[in-house]
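One structure is given below, encoded as structure tokens.
Coordinate-derived values only; no laboratory data. Since this is a predicted model, take the numbers as computed values, not measurements. Heads up, the Cβs are rebuilt from the backbone with ideal geometry, glycines too, and the neighbour counts pull from every protein chain shown.
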Amino acid sequence: MVARQEDQTRSCESGRGMSTNSDANIGTTPVRDAYRFDEAALLAWMEANIEDFAGPLTVEQFKGGQSNPTYKLTTPSRAYVLRRKPPGELLKGAHDVEREAQVLTGLGKAGFPVARVYALCTDDAVIGTWFYVMEMVEGRIFWDATLPEVERADRPAYFDAMNAVIAQLHNVDYRAVGLGDYGRPGNYFARQISRWSKQYRDDVDAGRDPNMDALVEWLPANIPAGEEAAIVHGDCRIDNMIFHPTEPHVLAVIDWELSTLGHPLADFTYNAMMYYMPPHIVAGLAGADLEALNLPSEADYVAAYCRRTGRGEFPNYHFYMAFNFFRMAAIFHGIKGRVLRGTAASAQAADRAKAFPELANIAWALVARTRD
């Protein structure tokens, strides 16, 4: 779990999904020098391991800041996607492409919309690191939660499709699809709060914030009773979903590197953070005129999820929301420390660092709402 925590920090730091500017994340580019590999060796491996594969093969690298480098593989008959561990020394357990392939395969068995995994390679000799190859899903990715590209009358259907796919994920019987060992069910919030609190306290370079200090004390003392376990995506935003090119239908949910067995209400409220998120930090809806945009209210969106998951109500909703803002604030605090130490990985890191106190303030304001 520590490794996946580091993955999330680097993902936020690189700007993956954390900006309304999609230009840096859309499309492909020639393979960057640091990520090149023996394409002939890959071709031979695919011929031997992927059914009905036929070359020749063209390799491009997707833009964006995923912690696992991602490539588009094109042949005369179809396109594929390859995700691999990055080259170089890695943290133990980080960039676990085998784990990604496992959850995609399991969810595919359940009929959940994910890309089909064709094959996994755990032989470093082929391209230098482990990798897997999956189908290329073509469709639309929305980087702005207000959906400016969609006709006003059609926007509710897109939000409903997003809501439905999150509920579908949390309704999957993870044991039945071979994912019973995918994580540690139970004590999810206690473990998460402890982990992120420790990261916050240990990073002395980034300083302290009164709201964050208060959250570190308040959250573990107020965890709601009751345990639930489901497959959770961990980063379930609208820009991690590929929609049908013309219809309000999710074809595939992508970027599963933070997934685990966890509490489904934490996962859902991470998605619903958009209702509180200032758009200058992450593509959110705070301050937006939802009625004018014809987007569902927060109450209606939550009610739809409860209906789909068989919940009569959603107690402690603002605790879960405060927890998610706390977690994101802890991530941004870590990025601030990296900026101050001169080890930040991208130009967006300074903006993340500046946003840290605002996220902590939102989280503490949400705590007040738990008392209402």
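Once a ≥ b ≥ c are taken as the square roots of the eigenvalues of the Cα gyration tensor of region 27-135, is the result rounded (a/c under 1.5), prolate (a/b larger than b/c) or oblate (a/b not larger than b/c)?
rounded
Under 10 Å from the Cβ of VAL81, count the other residues' Cβ atoms, weight Lys and Arg +1, Asp and Glu -1, and hand me the total.
So the environment of VAL81 carries a net charge of +1.
For LYS63, list the lysines whose Cα falls under 26 Å from its own Cα; do not include residues on the same chain fewer than 8 positions away.
LYS63 reaches LYS72, LYS85, LYS92, LYS336, LYS354.
With contacts defined as alpha carbon pairs under 8 Å and 6 or more residues apart, what's the relative contact order of region 286-372 in percent?
32 percent
Quote to one decimal, in nm, the extra length available between ASP289 and GLU247 on full extension: 0.36 nm per residue of separation minus the C-alpha distance between them.
Between ASP289 and GLU247, full extension yields 12.7 nm more.
Please name which of PHE243, ALA145, GLY186 has its Cα lying farthest along the dipole of region 136-272 towards the positive end, using unit charges on Cβ (Lys, Arg +1; Asp, Glu -1) and the Cα centre as origin.
GLY186
In what order do GLU358, GLU100, GLU217 fall by count of nearby beta-carbon atoms within 10 Å, going from fewest to most?
GLU217, GLU358, GLU100
Which longest run of the chain has no exposed loop site in it, a site being trypsin sites (Lys or Arg not before Pro) in a DSSP loop with at most 16 other beta carbons within 10 Å, and the site itself not part of the run?
After excluding every exposed loop site, the longest remaining stretch is 209-310.
Using only Cα atoms and rounding to the nearest 10 degrees, what angle (0 to 90) does helix 210-221 make with the longest principal axis of the chain?
For 210-221 against the chain, the angle is about 90 degrees.
Find how much the distance from ARG36 to ALA153 grows on full extension, using 0.36 nm per residue of separation minus their present alpha carbon separation; answer in nm with one decimal.
Stretched out fully, the ARG36 to ALA153 stretch lengthens by 37.6 nm.
Which ³J(HN,Hα) values, rounded to whole Hz and listed in residue order, are derived for region 69-76 from phi using the Karplus coefficients 6.51, -1.76 and 1.60 in 6.51 cos²θ - 1.76 cosθ + 1.60 with θ = phi - 60°, glycine and proline given as x?
Once rounded to whole Hz, the list reads x, 10, 10, 9, 10, 10, 10, x.
Per residue of region 332-338, what does 6.51 cos²θ - 1.76 cosθ + 1.60 with θ = phi - 60° give for ³J(HN,Hα)? Whole Hz please, x for Gly and Pro, Karplus curve as stated.
So the Karplus estimates, Gly and Pro as x, are 5, 5, x, 5, 4, x, 5 Hz.
Work out from phi, with θ = phi - 60° and the Karplus expression 6.51 cos²θ - 1.76 cosθ + 1.60, the ³J(HN,Hα) of each residue of region 126-137, listed in order in whole Hz, and give x for Gly and Pro.
With coefficients 6.51, -1.76 and 1.60, one gets 6, 10, x, 8, 5, 7, 9, 10, 10, 5, 8, 9 Hz.
Considering only ASN163, PHE356, ALA206, whose Cα is most displaced toward the positive end of the charge dipole of the chain, charges sitting on Cβ of Lys, Arg (+1) and Asp, Glu (-1)?
Value computed over the given set: ALA206.
Could you state the angle between the C-alpha long axis of helix 2-13 and the longest principal axis of the C-alpha atoms of the chain, as a value from 0 to 90 degrees rounded to the nearest 10?
Once rounded, one gets 90 degrees.
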